[in-house]
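See structure below.
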Amino acid sequence: MDAQLQEVIDKIKAEGIRTAEERRDEIVKSAEEDARRIRKTAEDEAARIVEEAKAEAEKKREAGEAALQQVARDVVIGVLAEIDGVFRSLIDSAARDGLSGERLEDVIVSVVSGWNVAEGAILLNDADAKKIEAGLLKKMSETLKTGIDIRPFPGITAGFRVSERGGTAYYDYTADGIADVLAERLSPQLEAILRSATRKL
């Protein structure tokens, strides 16, 4: 009976070991499958995070580049405006300096002598009208006898206007008028030069 009992115990022991080994193998297999699934999920998540980070970095790069382009554009526009202001100031100054005293007399004589109008007016600021009237009367006595007179005109700081009687037409030789014409001609050319230069940066 001892032998039979031992045999039953050995059989139970062997079956228990076999069952335990099978269970162990199942647990190991399940753990390996879980590990593979977890690793795959982690790899997929990592790849997604990397792609999102790349996309976000690209968006930030593009936004930074757009902001930099806007700043550069604003700087160029600001510099153009400053340069335009400097040139406008220089042109105004040159026009005022060139249209005073004896030079102003000579320009008026030259313009009016080539102007075929019987009646009209030479319009000047009050100070210039008083200062050069005697010289103009002397240089243009014949022309002034035909009906062209010299009159002060508010709003003219330097230079003059020649106006037909009734104001139907006038020619603007004021410092502001000359400066406006020069600035209009100069600004587009200056702007084109500066824009061309910025394209090469």
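Each value in this text was obtained by applying a stated rule to the coordinates, not by laboratory testing. The shown structure was predicted, so the numbers you read here are calculated from the model rather than taken from an experiment. When we count neighbours, we look across all protein chains shown, and the Cβ atoms used for this are built from the backbone with ideal geometry, even at glycine.
Convert each backbone phi in segment 2-13 into a coupling constant with the Karplus relation 6.51 cos²θ - 1.76 cosθ + 1.60 (shift: θ = phi - 60°), then list the ³J(HN,Hα) values in order as whole Hz, x for Gly and Pro.
4, 5, 5, 5, 4, 5, 5, 4, 4, 5, 5, 4
For a quick check: with amide H placed at 1.01 Å from N, whose amide H comes under 5 Å from F153's, ignoring anything fewer than 5 positions away on the same chain?
Close amide H contacts, sequence-distant or interchain: L124, N125, D126.
Set the Förster distance to 41 Å, then compute FRET efficiency between D176 and Q70 from the Cβ-Cβ distance, nearest 0.05.
0.75
For L5 and A31, what does the FRET efficiency come to when R0 = 41 Å and r is the distance between their Cβ atoms, rounded to the nearest 0.05?
0.60
Mind listing the long-range amide H neighbours of F160? Cut-off is under 5 Å, sequence gap 5 or more, other chains count too, H placed in the peptide plane at 1.01 Å from N.
Sorted by chain and number, the residues that satisfy this are Y173, T174, A175.
Out of residues 5 or more away from I148 or on other chains, whose amide H comes under 5 Å of its own, with H placed 1.01 Å from N in the peptide plane?
Close amide H contacts, sequence-distant or interchain: G120.
I'd like the FRET efficiency for E184 and V86, computed as 1/(1 + (r/R0)^6) with the beta carbon distance as r and R0 of 22 Å, rounded to 0.05.
0.85
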